[in-house]
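The values are calculated or read from the model by the stated rules, or taken from the named source; none is laboratory data. Note that the structure is a prediction, hence the values are computed from the model and not measured. FYI the Cβ positions are ideal-geometry reconstructions off the backbone, even for glycines, and counts take in every protein chain you see. For accessibility, only protein heavy atoms count, side chains too; no ligands or nucleic acids. Shrake-Rupley method; radii C 1.70, N 1.55, O 1.52, S 1.80 Å.
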There are 2 protein chains.
Amino acid sequence: MTSSDKPGNDADAPAEHTGVAARDWATASADPQYRAAVVDLLGALAYGELAAFERLAEDAKLAPTLADKAELAKMASAEFHHFERLRDRLAEIGEEPTAAMEPFVAAFAGFHKQTAPSDWLEGLVKAYVGDSIASDFYREVAARLDSDTRELVLAVLDDTGHAGFAVEKVRAAIDADPRVGGRLALWARRLMGEALSQSQRVVADRDALSTMLVGGVADGFDLAEVGRMFSRITEAHTKRMAALGLAA
Amino acid sequence: MTSSDKPGNDADAPAEHTGVAARDWATASADPQYRAAVVDLLGALAYGELAAFERLAEDAKLAPTLADKAELAKMASAEFHHFERLRDRLAEIGEEPTAAMEPFVAAFAGFHKQTAPSDWLEGLVKAYVGDSIASDFYREVAARLDSDTRELVLAVLDDTGHAGFAVEKVRAAIDADPRVGGRLALWARRLMGEALSQSQRVVADRDALSTMLVGGVADGFDLAEVGRMFSRITEAHTKRMAALGLAA
């Protein structure tokens, strides 16, 4: 592949677009299984953003200062706008957004229930971890999507990274009291473990979505590839935590 | 005054702009008392929006459906963007936003603590009442401000009214069970009573702000005018509640 036929709008995606990734939505969605997978994906992402909004807004209450509260509120508001874009896209393709989101309510509720931060620092680590995992997942999945859906997912991805401020705060807290690092490292592991456990539940329940996640309907199903995707995301998480001073 | 010298951007404000209202920020802020009053006002409005964001996001958890949750999250997000504009304006005029907001934290915390909704309908009525009172107050105060600050306040005002959806839901609930109306009417009275009580606390504490609210520094202080402003806002509230089927 030469640089001239490389897509310009997603430099991070694999260089070649084959199968579904080479088509637009109108063409790709003629396959009912692909269509079902994208509806699932948009529903899951939309509800994930709405749930993230709710939790970040809740965590903002733990903020020690008004400026910190405003930062968390800003992240929450950004998640809400992602939700709006994903919901509007569902409506645009003729799907009822609520119906598309419903299948994923239990998984996100389970995740947030198991990972309610007990203090401000746990909330910050969760915000950072959540933002980063979401970003990794969006990037992974983008390459498996038709060009129109990919454009939306990459646009939402472009607008993540609001949690950067959390890094500085967490580093400062660990510098001030190194024991904090041990506690937060355990917390970060628990977040990732719970995220994986809920994701596996979704993968088991939603056939069309899972099939797409492992390389697109056209390319066949490979469960091992789901495992590899989870491994890549976990590995990136571990590296980020180490950079933050939270060795696992 | 002829129509030709009527300001074009605030048709709802009184027709004549005298005193401070005829000046821009650069001129008006040379008066240290006026400057202090505007810093107080922007600080109070900014923190009010941030607190509203937090409470609406919290109330979104009570929503019976995902669509209702999204509506409340949308309002919360709109309040956050108002907060951003007001905070940015404080920074622009060289004030530390947090310091400007601090004096008003207790009043808003007191209000929200006394008026935590116990169910979804109480949350909706509170959202609607809060949005409407804020809108009335912005409109009242706009006429007393220099042209630059007025423009900001009117721009934020223009973007309120997200609570309209609440009206329909509350009406439907009262139609379905008229006893709900009695309970919500009491609730609306309590909301207004608590809002007035916290406002009076602020008026008593913040001299410069209170002086401005009653007609601008240049026009002299008149405590009775504060009372009349509160009366107008209360009266508008009572009319709205009656229209909603909540006779007091």
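Setting aside same-chain residues fewer than 8 positions from residue B:74, which aspartates and glutamates have a Cα under 14 Å from its Cα? Correct list for residue B:74: A:49, A:54, A:79, A:84, A:88, B:49, B:54, B:58, B:59, B:131, B:159. With Cβ to Cβ distances under 13 Å as the rule, what net charge do the other residues near residue A:245 carry (K, R +1; D, E -1)? Residues near residue A:245 contribute +3 overall. Relative to the isolated chain, which residues of region B:65-81 have their accessible area cut by 10 Å² or more in the presence of all protein chains (1.4 Å probe, heavy atoms, no ligands or nucleic acids)? Checking the loss per residue gives B:66, B:67, B:69, B:70, B:73, B:74, B:77, B:80, B:81.
The distance from the alpha carbon centre of region A:24-67 to that of region B:45-123 is 23 Å, rounded to a whole number. Applying the Kirkwood pairwise sum to the alpha-carbon positions of chain B produces a hydrodynamic radius of 18.8 angstrom.
Among the protein heavy atoms of region B:140-186, carbon and sulfur supply 50% of the accessible surface, probe 1.4 Å, non-protein parts ignored. The residue B:106 and residue B:234 beta-carbon pair, evaluated with R₀ = 30 Å, returns a calculated FRET efficiency of approximately 0.85. Label sites at residue B:205 and residue A:22, each approximated as a point 7 angstrom past Cα along Cα to Cβ, lie 6.7 nm apart. Solvent exposure of the protein assembly as shown amounts to 43 Å² per residue of accessible area, where only protein heavy atoms count and the probe is 1.4 Å.
Calculate the FRET efficiency for residue B:172 and residue A:224 from the Cβ-Cβ distance with a Förster distance of 45 Å, rounded to the nearest 0.05.
Working: r = 52 Å, r/R0 = 1.15.
Rounded to the nearest 0.05, the efficiency is 0.30.
Mean residue ellipticity, 222 nm, helices only, chain B: the sum of -39500 (n - 2.57) across DSSP H runs of n ≥ 4, divided by residue count and rounded to 500, is -23500 deg cm²/dmol. Give the interface area between chains B and A as buried accessible surface, both sides summed, probe 1.4 Å, in Å² to the nearest 100. Looking at B and A, the buried total is near 2000 Å². Kirkwood Rh over Cα pairs of region A:63-182 into Stokes-Einstein at 20 °C, 1.002 mPa s: D in µm²/s? It comes out at roughly 132 µm²/s.
Measuring with a 1.4 angstrom probe and ignoring ligands and nucleic acids, residue A:96 comes out at about 100 Å² accessible. Membrane-span-like helices in chain A, defined here as complete DSSP H runs extending at least 18 Å along the helix axis by their C-alpha atoms with mean Kyte-Doolittle hydropathy no lower than -0.5, are A:32-59, A:120-142, A:164-176, A:179-205, A:223-243; this is a sequence and geometry rule, not a statement about a membrane.
Filter the cross-link list A:61/B:239; A:69/B:113; A:169/B:126 down to pairs whose alpha-carbon distance in this structure exceeds 29 Å. List each step's numbers first, then the result.
Numbers: A:61/B:239 34 Å; A:69/B:113 18 Å; A:169/B:126 35 Å.
Pairs exceeding the cut-off: A:61/B:239; A:169/B:126.
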